[in-house]
Amino acid sequence: MRIAIASGKGGTGKTFVSTNLFAVAEKEFHNVTLVDCDAEEPNVSEFINGKTISTEIIKQHLPVIDKEACVYCGKCRHWCNYNAIICLPDNKQIYLIEDLCHDCGACLAACQYNAITEIEKRLGTVSVKQCSNHSRTIEARLDIGVYSPISVIKAALNKAQDTEIMLIDSPPGISCSFIATIVPADFIVLVTEPTPFGLNDLKLSVETLEQLKKTFGVVVNRTGLGDDRVYDWLEEKQIPLLMKIPFDKNIARIYSQSRLLVREDPSYAIHFLNLLKAIEGLCKK
Amino acid sequence: MKIAITSTGNSPESTLDSRFGRCSYFVIYDTESGTTEFIPNPNKEAMEGAGPASIQLVASKGVEKVISGEFGGKVKAIFDSLKIQLVIVNDRTMTIAHIIEMVSK
């Protein structure tokens, strides 16, 4: 069972939910992996300790154009599906926009003048940590300044195959990086807060998941804040409300000290176990 | 000199399009002949790289100056190296006819 924990709005509590779910899943299942896919700011390791067993450097290829050999025919530009090459024969200029390159190799195949070779560019790392004899975390970490986290996220998810329970801490928003984490998931938990911002971004996330025909439910964090519009909307749309977590100073304190609520408060261990069981139930439907 | 202006429509009464890469039309204005050409922007809905693809378009037309509302991060350095001047107009209600009149002076 692969469960992605996502949210439209940032800071609603994705990592809070995924780390606490991990802690209860560890007790219930034989093989549990939490993949931190928030590659631009991974922070699962702030909450879950483990021994690093491997760190892989993730790279991509980038074309290098030899301006002496180039005849400015423009074939590489035409073959590039991502507008990563600008070729101006009149000016005898050719440019590569590195950030747009998807490492597909089309330009290399297109060039008949041997003017294109490739170099490797470092994108980030994927680290695997063993937490107990049957649980581990995998962290996708993007290097500072790298444009797209997709390759690093996919490499992290690939390492998590063959696990009984895979929890995925998704990046915020609904862009490609979010999509990359929910496509392999059987179920998506959308974490939101009862504020106008939370509701607005929840609607965007739901729209995306509906288009992708995904099964999902919602956790409302910091209840007592804001208003009732999020609950009215969930009812109207008949979206399962999986759990409500109150706006509570003690919960915030525990989180800010990098501790797990389910280990501090037994009643929450039960709430999160119930959440896991509710997800399991909805997955089987 | 040829100048590219980003436009919301295909007539001189259209207003300036505030985006460079994803504008609706490019107006290529030739200050010597006084002619204008309206080109629908094929990169308007591009998934990625609308800016670089639009540089390809305007630079191929031999323009030396581009007038728009704003330019994205990927394009500025390339325009610099091509020695194409960028002009930012903040008034989004300004018409193409008005801009042409201003640059013709």
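No lab work stands behind these numbers, since they all come straight from the coordinates. Small disclaimer: the values here were computed from a predicted structure and weren't measured. All Cβ positions, even for glycine, are placed from backbone atoms using ideal geometry, and neighbour counts span all protein chains on display.
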Open item on the list: I'd like to verify a number: residues in segment B:4-18 that are surrounded by fewer than 20 Cβ atoms within 10 Å (Cβ to Cβ) and either within 14 Å of another protein chain (Cβ to nearest Cβ) or in a strand (DSSP E or B) (or both), how many?
Closed with: 1
- [ ] May I ask you to list the residues in segment A:86-100 that are within 14 Å of B:F79 (Cα to Cα) and either facing another protein chain (nearest Cβ under 8 Å) or of a type in the set (V, I, T) (or both)?
- [x] A:I86, A:C87, A:L88, A:N91, A:Q93, A:I94, A:Y95, A:I97
- [ ] Of all residues in segment B:36-49, count the ones that are surrounded by fewer than 23 Cβ atoms within 10 Å (Cβ to Cβ) and either within 7 Å of another protein chain (Cβ to nearest Cβ) or in contact (Cβ under 8 Å) with a residue 40 or more places away in the chain (or both).
- [x] 3
Open item on the list: A:V146 - would you say it is part of a loop (DSSP other than H, G, I, E, B) and touching a residue at least 12 places away in the same chain (Cβ under 8 Å)?
Closed with: yes
Task: B:F79 out of contact with any helix residue (DSSP H, G or I) (no Cβ under 6 Å at 6 or more places or on another chain) and either over 18 Å from A:Q93 (Cβ atoms) or surrounded by fewer than 18 Cβ atoms within 10 Å (Cβ to Cβ) (or both) - done: no
Open item on the list: From the list A:Y113, A:Y82, exactly one residue is more than 9 Å from chain B (Cβ to nearest Cβ) and of a type in the set (F, W, Y). Which is it?
Closed with: A:Y113
- [ ] Name every residue in segment A:165-175 that is over 18 Å from A:V32 (Cβ atoms) and either in contact (Cβ under 8 Å) with a residue 60 or more places away in the chain or touching a strand residue (DSSP E or B) at 6+ places or on another chain (Cβ under 8 Å) (or both), in order of residue number.
- [x] A:P171, A:P172, A:G173, A:I174
TODO: Can you confirm whether segment A:121-131 contains a residue that is within 30 Å of A:K244 (Cα to Cα), part of a strand (DSSP E or B) and in contact (Cβ under 8 Å) with a residue 12 or more places away in the chain?
DONE: yes
Task: The lone exception for B:G69 - which of (1) more than 14 Å from every other protein chain (Cβ to nearest Cβ); (2) without any contact (Cβ under 8 Å) to a residue 40 or more places away in the chain; (3) within 11 Å of the chain's Cα centre (by Cα) it fails - done: (2)
Open item on the list: Given the options B:S81, B:S104, name the one that is more than 9 Å from chain A (Cβ to nearest Cβ) and either touching a Phe, Trp or Tyr at 6+ places or on another chain (Cβ under 9 Å) or farther than 14 Å from B:F20 by Cα (or both).
Closed with: B:S104
- [ ] Could you identify the single residue in A:D66, A:D38 that is under 30 Å from A:R259 (Cα atoms) and acidic (D, E)?
- [x] A:D38
- [ ] Please enumerate the residues belonging to segment A:2-32 that are at negative phi and either surrounded by fewer than 20 Cβ atoms within 10 Å (Cβ to Cβ) or charged (D, E, K, R) (or both).
- [x] A:R2, A:K9, A:G10, A:K14, A:E26, A:K27, A:E28, A:F29, A:H30, A:N31
